[in-house]
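Worksheet for the structure shown next.
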Amino acid sequence: MKKLFVLSIILGFFLSCDETDDVNRDTELIGTWKLVELYSDPGDGSGRFNRVNSEKVIIFKEDGALTSNGSICEIDNVTTNPTSGTYSITDSTFRSDDCNNPDYDYEFIKTEGTITVYYPCIEGCAARYRKQ
């Protein structure tokens with residue numbers, strides 16, 4: 001009887017855990033992030049971030065969803081193609097059904113006040129966003 005009780009408690013712990021419980025608890029990530037820089041490298045290692053004047057934003061929501069007034073699938077500063085998707089804090093990735101490859105996980109790194117999103121480029125390319 002004790003074994004059954006212990007087993008049911010352990011089973012209860014596993015069933016009460018939801019993947020989103022540990023995925024989206026980073027309150028510093030939640031909110032609006034504005035595009036401020038784009039990185040490109042011509043292939044010789046001399047790439048650098050360059051400031052851009054853009055109204056493009058990504059909004060990370062508490063429920064694991066994200067939206068943008070531009071494409072989150074492309075490294076650009078255009079705001080004519082709104083997109084949405086989901087993100088994982090655990091993996092530092094997001095994905096979107098709006099992208100050409102909806103199963104691709106775009107990686108991001110969050111540092112003090114900025115997020116850098118890395119795109120699939122041979123030479124290296126990224127977009128940097130600042131918290132609003």
Go through (1) modelled with pLDDT of 95 or more; (2) of a type in the set (S, T, Y); (3) not in a strand (DSSP E or B) for S84 and report which single condition fails. (3)
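How many residues are under 9 Å from the mean Cα position of the chain (by Cα) and touching a residue at least 12 places away in the same chain (Cβ under 8 Å) when one looks only at region 92-109?
Filtering region 92-109 down to residues under 9 Å from the mean Cα position of the chain (by Cα) leaves 92-95, 105-109.
Going one step further and asking which of them are touching a residue at least 12 places away in the same chain (Cβ under 8 Å), we end up with 92-94, 105-109.
Residues flagged as under 9 Å from the mean Cα position of the chain (by Cα) and touching a residue at least 12 places away in the same chain (Cβ under 8 Å) within region 92-109 amount to 8.
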Looking across region 46-81 at residues that are in a loop (DSSP other than H, G, I, E, B) and of a type in the set (K, R), the single one that is surrounded by the most Cβ atoms within 10 Å (Cβ to Cβ) is K56
For region 59-71, indicate whether the set of residues that are touching a residue at least 60 places away in the same chain (Cβ under 8 Å), within 18 Å of E28 (Cβ to Cβ), in contact with a strand residue (DSSP E or B) (Cβ under 9 Å, 6 or more places away or on another chain) and of a type in the set (V, I, T) is non-empty. no
With the condition kept exactly as written, say whether any residue in region 40-60 is at negative phi, at pLDDT below 95 and touching an Asp or Glu at 6+ places or on another chain (Cβ under 6 Å). yes
Out of contact with any Lys or Arg (no Cβ under 8 Å at 6 or more places or on another chain) and closer than 15 Å to W33 by Cα: which single residue out of T83, T79, T67, T90 fits that description? T83
Quick check on my filter: what residues within region 93-124 are closer than 19 Å to V36 by Cβ and surrounded by 17 or more Cβ atoms within 10 Å (Cβ to Cβ)? F94, Y106, F108, K110, I115, V117, Y118, Y119
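Within region 94-132, work out how many residues are of a type in the set (F, W, Y) and either in contact with a helix residue (DSSP H, G or I) (Cβ under 7 Å, 6 or more places away or on another chain) or part of a loop (DSSP other than H, G, I, E, B) (or both). Please lay out each step first, then the result.
Of all residues in region 94-132, those of a type in the set (F, W, Y) come to 94, 104, 106, 108, 118-119, 129.
Subset that is either in contact with a helix residue (DSSP H, G or I) (Cβ under 7 Å, 6 or more places away or on another chain) or part of a loop (DSSP other than H, G, I, E, B) (or both): 104.
Adding up the residues that qualify gives 1.
The values are calculated or read from the model by the stated rules, or taken from the named source; none is laboratory data. None of the values given here were measured: they were computed from a predicted structure. All Cβ positions, glycine included, derive from the backbone under ideal geometry; neighbour counts span all protein chains shown.
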